Amino acid sequence: MTAQQRVTTHVAGEPRSAASRFPRIARNLTAWTGSAVAATLVVGSAVVWLLVGILTDFPRWWELVVTAGVPFLTLLMVVMLQHTQNHDSRATQLKLDELIRANEAATNRMMTVEDASADDLERISEDFRQQATDNRREPSL
């Protein structure tokens, strides 16, 4: 089987289903909150909040708006960002797995290295360091 035949029969070549609503909203919200517009909105909101406090002599309700609102928004953003990060990390891992699978010289066992224990990862890392050191000592052709 040629490499081209393997690619066309791979599950990644099948049509993809449409993303559900939450992942789409999370990706869009994550992209928007990282924009200059969002940063400007946050700074502007803080200035308005402070001005309202000054004009109203800092009442209790003014303090509660931030005391209750900011932690809720922070938690919401952490969930959205983590979801997006998990999705992107998994997609990147699958791309790397495909490169390993397609490379005849690579060991396919590396495709599951993310499931290894910390000790196993350290052992593999040390082996790669040793191979790099050994390769530096070999004369180039």
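Taking label positions 7 Å along the Cα-Cβ direction at both residue 19 and residue 36, the computed distance is 2.4 nm, reported to one decimal.
Fully extending the segment from residue 120 to residue 103, taken as 0.36 nm per residue of separation minus the present Cα-Cα distance, adds 3.8 nm.
Applying the Karplus relation 6.51 cos²θ - 1.76 cosθ + 1.60 with θ = phi - 60° to region 121-133 yields 3J(HN,Hα) values of 4, 5, 5, 5, 4, 4, 4, 5, 4, 5, 4, 5, 5 Hz, where x marks Gly and Pro.
Projected onto their three principal axes, the Cα atoms of region 16-84 cover extents of 57, 23, 15 Å, largest first.
Pull out the extension gain between residue 132 and residue 78, defined as 0.36 nm times the separation in residues minus the alpha carbon to alpha carbon distance; nm, one decimal. If you can, show how the numbers build up before the last one.
Values: separation 54, 0.36 × 54 = 19.44 nm, distance 3.87 nm.
Length difference between fully extended and current span is 15.6 nm.
Based on alpha carbons, the Rg and Dmax found for the chain are 25.1, 79 Å. Shape class of region 91-141 from the Cα gyration tensor (axes a ≥ b ≥ c, square roots of the eigenvalues): oblate, since a/c reaches 1.5 or more and a/b does not exceed b/c. Here the Karplus curve 6.51 cos²θ - 1.76 cosθ + 1.60, taken at θ = phi - 60°, turns the phi angles of region 102-110 into couplings of 7, 8, 4, 7, 7, 8, 5, 5, 5 Hz, with x standing for Gly and Pro. Across region 83-100, rounded Karplus estimates of 3J(HN,Hα) from the backbone phi angles (6.51 cos²θ - 1.76 cosθ + 1.60, θ = phi - 60°) give 4, 5, 5, 4, 4, 5, 5, 5, 5, 5, 4, 5, 5, 5, 4, 5, 5, 5 Hz, Gly and Pro being marked x.
The helix-based estimate of mean residue ellipticity at 222 nm for the chain, built from -39,500 (n - 2.57) per DSSP H run of four or more residues and divided by its residue count, is -25000 deg cm²/dmol to the nearest 500.
Only the coordinates and a few stated rules stand behind these numbers; no lab work does. These numbers come from a predicted model, not from an experiment. No Cβ is skipped: glycine too gets one built from the backbone with ideal geometry, and neighbour counts run over all protein chains shown.
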